[in-house]
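> This is the structure, below, for whatever I ask next.
Values in this text are rule-based calculations from the coordinates and carry no lab data. Keep in mind the model is a prediction, meaning the values are calculated, not measured.
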Amino acid sequence: EVIRSRIDQFGVAEPIIQLEGEDRILVQLPGTKDPEAAIRLIGSTALLEFRIVEEGLTSDQLMKLVDTHREAAGFQNNFTRPQLEKLQALIKPSLPAGTVISFEKKKDPNEKDANRVTLVPYLLQDKVPLTGQSLDNAFKQFDPTTNAPEVGLRLSVLGAEALEKISTDFLGRQMAIMLDLVDEGYH
C-alpha cells in the first residue's frame, strides 16, 4: 500500500506491484519517463509523527472547510504533500490557533474500485511531541485475538519516557500516529 501510494503520483496507468519471494517486491512502471525519480521515491525514508487530536471542530465542519478550498489547492483523494500543504495554508486562518488539519485515508474492503479512498479529516495539535526518531525498532506481528497483521513499535528509553509524559498529560485524548513520506508523498 505504501509503495502503491508512492507511485500513484507518477500517473502510470497500470503499475505492477507484487511480492517476489520472502523479501522482495517487484515494481513495474510502464511508460515512466524518469525511472531514477521513481526509484528515489519508492526507496525514500518516511517520517513518523505522533500528534494529539484536538476536539475543537467536528469531522463535518472540517470537511466543509476542505471542500471550500479543495479546488484552489488542487487537492484530491490521492494527494501529494505540496497539495496538502497548500490546502493546510488556505484552511489555517479558519482553524483554532496551534492546530493543523490532516487526513486518514480509509479504504472500504467491499468497494469494487480498489483505488477509491475516503478521506477522514482530523484536527491535530501543530506541535509534534514525539517522532520516529524515538523508535528503536518496528516489526511485523500478529494480533493474538484476530491473527490480523499489525506493526509493533519498540521505543528507545527516551522515547518511552516521552510517550509516558504525553499519555499522562493528555489522558483520555486520542493520539494520531502519522506516516508522511519525505519526498512528495501522502500524509
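> Suppose only helical runs count, i.e. DSSP H with n ≥ 4. What mean residue ellipticity at 222 nm does that imply for the chain under -39500 (n - 2.57) per run, divided by all residues and rounded to the nearest 500 deg cm²/dmol?
-8500 deg cm²/dmol, from helical runs alone.
> Using all Cα-Cα distances in the range 69-141, what percent lands in each 5 angstrom bin from 0 up to the longest?
Per 5 Å bin, starting at zero, the Cα-Cα P(r) for the range 69-141 comes out as 3, 13, 18, 18, 17, 17, 10, 5, 0 percent.
> Once phi is turned into θ = phi - 60°, what whole-Hz ³J(HN,Hα) does the Karplus curve with 6.51, -1.76 and 1.60 give for every residue of the range 95-107, x standing for Gly and Pro?
Computed from phi, the couplings for the range 95-107 are 9, x, 4, x, 10, 9, 10, 9, 9, 9, 8, 10, 10 Hz.
> Also, I was wondering about something else. Please report the base-10 log of the normalised intensity I(q)/I(0) for the chain, using a Debye sum with one equal scatterer per alpha carbon and no solvent, at each q in 0.11, 0.15 (1/Å).
At q = 0.11, 0.15 Å⁻¹ the computed log10 ratios are -0.61, -1.12.
> On the Cα set of the range 30-103, report Rg and Dmax in Å, please.
For the range 30-103, the Cα-based Rg and Dmax read 15.6, 46 Å.
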